[in-house]
Amino acid sequence: MKKFYNITGQIFGFLTILLFAFLFANTMFNFNIPANIMAVLDTIKLYATFVVCGLAGLELVAGKKILALLYLIILAFVVIFSFFPEIRDQIINIVTTL
């Protein structure tokens, strides 16, 4: 399984760097890409970074069941809170009022 995470992480890492390079080049040279497509690419950029970091972490904890479970729980919190920031805000409000 570790080899699968390694190869998948390398592919996603390469594609993520290509996306970053394209977005930087677009900033410099203005390829006249519509705003809605740029918004989608910016969102993909954010989640591609999560995917690369998630795969790197999964590669690290592969074969270590307890650490893998803890890592997956933390990764789930990060992804859920990034998809649903209002839930994060509600939890922060609950914790700060205690």
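Between THR49 and LEU15, the distance separating the two model label sites (each 7 Å from Cα on the Cα→Cβ line) works out to 1.8 nm. The simple spin-label model puts a point 7 Å past each Cα toward its Cβ; for THR27 and ASN6 those points are separated by 3.4 nm. Loop-resident trypsin sites (Lys or Arg not before Pro) (DSSP state other than H, G, I, E or B) in segment 28-98 with no more than 12 further Cβ atoms inside 10 Å of their Cβ: LYS64. Screening the chain for whole DSSP H helices with an alpha carbon extent of at least 20 angstrom along the helix axis and a mean Kyte-Doolittle hydropathy of at least 0.0 yields 2-29, 35-61, 65-83. Seen from a random direction on average, the alpha-carbon convex hull of the chain projects onto 8.5 square nanometres. Which whole-number percent gives the relative contact order of the chain, counting Cα pairs below 8 Å spaced six or more residues apart? About 37 percent, as a whole number.
Note on ASN36 and LYS64: the model spin-label points, each 7 Å out from Cα along the C-beta direction, lie 4.6 nm apart.
None of the figures in this text is laboratory data; all of them are computed from the coordinates on show. Every value quoted in this text rests on a predicted model; they were computed, and no experiment measured them. Glycine also receives a Cβ, built like all others from the backbone with ideal geometry; neighbour counts cover every protein chain displayed.
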